[in-house]
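Right, one structure below, let's go through it.
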Amino acid sequence: MILAIDSSAGTAVGVSTLEGEAVSVAETKDRRSHAEAIGPLIADALRLAGLGPGDVTAVVMGVGPGPFTGLRVGMAAAQSFAWARSLPLWPVHSHDAAAVFLTVDSAVISDARRGEWALTSYTPHPDGGLGIRVGSTRLIPRDDIADDQTHWGDGVLIRVEELNPTHLALAALTRRARGESLDEPRPVYLREPDVTMPQ
C-alpha cells in the first residue's frame, strides 16, 4: 500500500494500492493549519482504508510548487514516516497529480499567492496516462488568466485548487513503470522565502 502526502495547496493524504487504485483520501482546504492537520489526516486516511502504519510499503511525497512553510510540513511528515519505518520515499512534482490522465497539451496552474500563478506545461505521453512535463514550472501574473479562461496557448488550462493525493501516487507509479527518474527530494520554491537568516 502507498501513503501519499502533499501540502502544496491545502493538506491532503491518500492511500493507494501498488496498482494505483485509490483506497482512501483525507484532506483539508485550509492553507494555514498544515502542521495541525497533517497528523490527524494521516491517521484518518489509514483508518478509512482499514490499515495501520505497518501496512504501508512506500511513501509518496509532493514536492510542490508551494509556499515555504506549508510545503515543508507535508514533506517533513512524508520523510519522517518513511524514515521511521525504513520505507522507500518517492518524491513527485505536485502538478503531476493533475496530469495523470492527459490526452492533449495542457497547462496546470495553482495559486502561488502574491498575485501570481505557478504554471507547468505538459504534453501527452505516447503511451497515454501521465503527461510529459515541458520545461520548468514558472510564475505568471494572475491577471494573465481570466476567471473563465479554459485554454493557455494551444493547450487546455487545468486549475488545481485542491490536489488528489492518490493521483500523486499514480504519477509516481507511472514514472517508475516507464523507467523515468522521480523528482529530487527537495521543495520546489518559485521565489525566495520571506525569511532572513541572522548574520
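Going by the conditions given, is Asp105 farther than 15 Å from Leu3 by Cβ, modelled with pLDDT of 95 or more and open to solvent by 10 Å² or more (accessible area, probe 1.4 Å)?
Considered against the rule, which asks whether it is farther than 15 Å from Leu3 by Cβ, modelled with pLDDT of 95 or more and open to solvent by 10 Å² or more (accessible area, probe 1.4 Å), Asp105 comes out as yes.
Per-residue answers, yes or no, for (1) over 30 Å from Gly155 (Cβ atoms); (2) within 12 Å of the chain's Cα centre (by Cα); (3) of a type in the set (Val, Ile, Thr):
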{"position": "Gly10", "(1), (2), (3)": "no, yes, no"}
{"position": "Ala22", "(1), (2), (3)": "no, no, no"}
{"position": "Ser33", "(1), (2), (3)": "yes, no, no"}
{"position": "Ile38", "(1), (2), (3)": "yes, no, yes"}
{"position": "Asp55", "(1), (2), (3)": "yes, no, no"}
{"position": "Gly62", "(1), (2), (3)": "no, yes, no"}
{"position": "Ala82", "(1), (2), (3)": "yes, no, no"}
{"position": "Ala97", "(1), (2), (3)": "no, yes, no"}
{"position": "Glu116", "(1), (2), (3)": "no, no, no"}
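Among the listed residues Asp111, Asp147, identify the single one that is open to solvent by less than 70 Å² (accessible area, probe 1.4 Å) and at pLDDT below 95.
On the way: Asp147 fails: open to solvent by less than 70 Å² (accessible area, probe 1.4 Å).
It is Asp111.
When the residues of region 150-171 are narrowed to those that are β-branched (Val, Ile, Thr), closer than 30 Å to Ala45 by Cα and at pLDDT 95 or above, which ends up nearest to the chain's Cα centre (by Cα)? The qualifying residue nearest to the chain's Cα centre (by Cα) is Thr166. Of all residue pairs spaced 6 or more apart or on separate chains, those with beta-carbon atoms under 6 Å, a first member in region 21-32 that is within 13 Å of Glu161 (Cβ to Cβ) and in contact (Cβ under 8 Å) with a residue 12 or more places away in the chain and a second member that is surrounded by fewer than 19 Cβ atoms within 10 Å (Cβ to Cβ) and of a type in the set (Asp, Glu) are Lys29/Glu162. Exactly one residue out of Gly74, Gly64 is open to solvent by less than 10 Å² (accessible area, probe 1.4 Å) and in contact with a Phe, Trp or Tyr (Cβ under 8 Å, 6 or more places away or on another chain): that is Gly64.
Go through region 143-165 residue by residue and tally those that are farther than 22 Å from Arg72 by Cβ and either free of Cβ contacts under 8 Å to residues at least 40 places away in the same chain or in contact with a Ser or Thr (Cβ under 9 Å, 6 or more places away or on another chain) (or both).
Residues meeting the conditions: 16.
A quick yes/no check of all residues on (1) under 22 Å from Val188 (Cα atoms); (2) open to solvent by 10 Å² or more (accessible area, probe 1.4 Å); (3) assigned to a strand (DSSP E or B); (4) in contact with a helix residue (DSSP H, G or I) (Cβ under 9 Å, 6 or more places away or on another chain):
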| residue | (1), (2), (3), (4) |
| --- | --- |
| Ile5 | yes, no, yes, yes |
| Val15 | no, no, yes, yes |
| Glu19 | no, yes, no, yes |
| Asp30 | yes, yes, no, yes |
| Ala37 | yes, yes, no, yes |
| Asp44 | no, yes, no, no |
| Leu51 | no, yes, no, yes |
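Listed by first and then second residue, the pairs linking a residue in region 56-84 that is within 22 Å of Ser24 (Cα to Cα) to a residue that is of a type in the set (D, E, K, R) and surrounded by 23 or more Cβ atoms within 10 Å (Cβ to Cβ), with Cβ atoms under 7 Å apart and 6 or more places separating them unless they lie on different chains, are Gly62/Asp6; Gly74/Asp6.
The values are calculated or read from the model by the stated rules, or taken from the named source; none is laboratory data. As the structure is a computational prediction, the values presented were derived from the model and not from experiment. All Cβ positions, even for glycine, are placed from backbone atoms using ideal geometry, and neighbour counts span all protein chains on display. The accessibility values were calculated without ligands, DNA or RNA, using every heavy atom of the protein model including side chains. Shrake-Rupley method; radii C 1.70, N 1.55, O 1.52, S 1.80 Å.
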